[in-house]
1. Based on alpha-carbon centroids, what's the gap between region 172-228 and region 256-332 in Å, whole number please?
2. Divide by every residue of the chain the summed helix terms, -39500 (n - 2.57) for each DSSP H run of at least 4, and state the resulting mean residue ellipticity at 222 nm, rounded to the nearest 500 deg cm²/dmol.
3. Can you give the three extents of the C-alpha atoms in the chain along their principal axes, from longest to shortest, in whole Å?
4. What is the Rg over Rh value, at two decimals, for region 131-271, using alpha-carbon atoms and the Kirkwood definition of Rh?
5. Taking a probe of 1.4 Å, how large is the accessible area per residue of the chain, in Å²?
6. Step through the table entries K185/K287; K209/K254; K47/K239; K239/K287; K5/K57, compare each Cα-Cα distance with 22 Å, and write down the pairs that go over it.
7. Non-local amide H neighbours of I244 (under 5 Å, H modeled in plane, Pro and chain starts lacking H): which ones?
8. Can you tell me which aspartates and glutamates have their Cα less than 13 Å from the Cα of K21? Leave out same-chain residues fewer than eight positions away.
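The values are calculated or read from the model by the stated rules, or taken from the named source; none is laboratory data. What you see is a predicted model; the values in this text were computed from it and never measured. Note that each Cβ is placed from the backbone with ideal geometry, even for glycine, and that neighbours are counted across all protein chains shown. Surface areas here come from the heavy atoms of the whole protein model, side chains and all, with no ligands, DNA or RNA. Shrake-Rupley method; radii C 1.70, N 1.55, O 1.52, S 1.80 Å.
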Amino acid sequence: MTDTKFSAYRIHAHEDEFSAKLVTMQLDDLTAGDVVIEVAYSSINYKDALAATGRGKILRAPTLNGGIDMAGVVSQSSSPLFSQGDEVFSCAAGLSEFYDGGYAQIARLPANTLRKVPQGLSMRDTMAFGTAGITAAIAIQRMEENGQTKTNGPIVVTGASGGVGSFAVNMLSQTGYEVVASSGKEQTHEYLRQLGASDIIDRYSVGDKPPRPLEKGIWGGAVDTVGGDTLSWLNSTTKPWGNIACIGLASSIKLNTTVMPLILRGVSLLGINCMELPDSMLEHCWKRLATDLKPSQFDLIAPGSVSLEQLPSAFDAYMAGEVSGRTVVTIN
Ligand SMILES: NC(=O)c1ccc[n+]([C@@H]2O[C@H](COP(=O)([O-])OP(=O)(O)OC[C@H]3O[C@@H](n4cnc5c(N)ncnc54)[C@H](OP(=O)(O)O)[C@@H]3O)[C@@H](O)[C@H]2O)c1
């Protein structure tokens, strides 16, 4: 195994230097870990595209294999938690940030970055969800814990045709919420209706002019993957006691708003971070992904896959916001 050569998509991002390409590696080239995995699948998230195009500073080391998600079979383990043959996966646990990631035929990882594939899901399912799926589930869980009701009005999902957005639309609608999807791609309208959106609004009409501190309340709650002016607008248009799950920055990291909706309507702005979550919460959300939140339209959201060889040309479309749903990467 030590001498075995394997392929990996390796990113070098250090000061002004940047490169990302397929290379040949050996086990001892990988970052340290007590579990060696033959990788079966990975996936593409917005964060992977930021890392692979050099558009975002994701790596916390000069050179790492890309891929924040990974699923595969344990081939060696010196951890008591995992044995040879176990099907494991890792999502948003520091891969491609601190450790070599899932875009490689072999991964070597610390045991605390891994989980066993939950009952009711396959290795491919865990990667079809990936960081996007668990994040959508965490958002819904947090909103419900904070008193979100189905009778407060529709939940609007922004960046709706993206990975997180697609799951949020489908999961919310199948659990009984009325869902309105905000999307910038007209060609996704039929797709979003199939996922359960009762209405679709144009991304470009959302937050196109600065909202007043309190606009007419429209939304029972919101799942926002976009940030910027869209999030300002959501804050002004969410009804009393609605929750806004703040997830992403596809439009902007900026937030220009007022406290008025928070103090006069009791609106809650819930920060969602899929990393560093208490393990009990993560376990609960993965159980929900295998049961009540398992998308009725899973195949529609993650229909196909790309190979490791096809990966280098897949990222630009993510940066351009052109992709719908999820892309699984088939590694072995
Ligand atoms: N907080 C967390 O823990 C966490 C976890 C996962 C992801 N995220 C963040 O959530 C966001 C979505 O991630 P993802 O993996 O779902 O990404 P994705 O699959 O690339 O989807 C992003 C979607 O956002 C919309 N969009 C793209 N550019 C936009 C722009 N300039 N203005 C407004 N909308 C735009 C597009 O959807 P439409 O065409 O339908 O509008 C696009 O498909 C990213 O910012 C990501 O970093 C955060």
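1. Comparing the Cα centres of region 172-228 and region 256-332, I get a distance of 16 Å.
2. On the way: 9 runs with 85 residues, N = 332.
Only helices count here, giving -7500 deg cm²/dmol.
3. On the principal axes, the chain reaches 65, 43, 35 Å in Cα extent.
4. Working: Rg = 13.3 Å, Rh = 14.4 Å.
Result: Rg/Rh = 0.92.
5. Values: 14200 Å² over 332 residues.
On a per-residue basis, the chain sits at 43 Å².
6. In this structure, K185/K287; K47/K239; K239/K287; K5/K57 exceed 22 Å between Cα atoms.
7. Correct list: A222, S268, L269, L270.
8. E309
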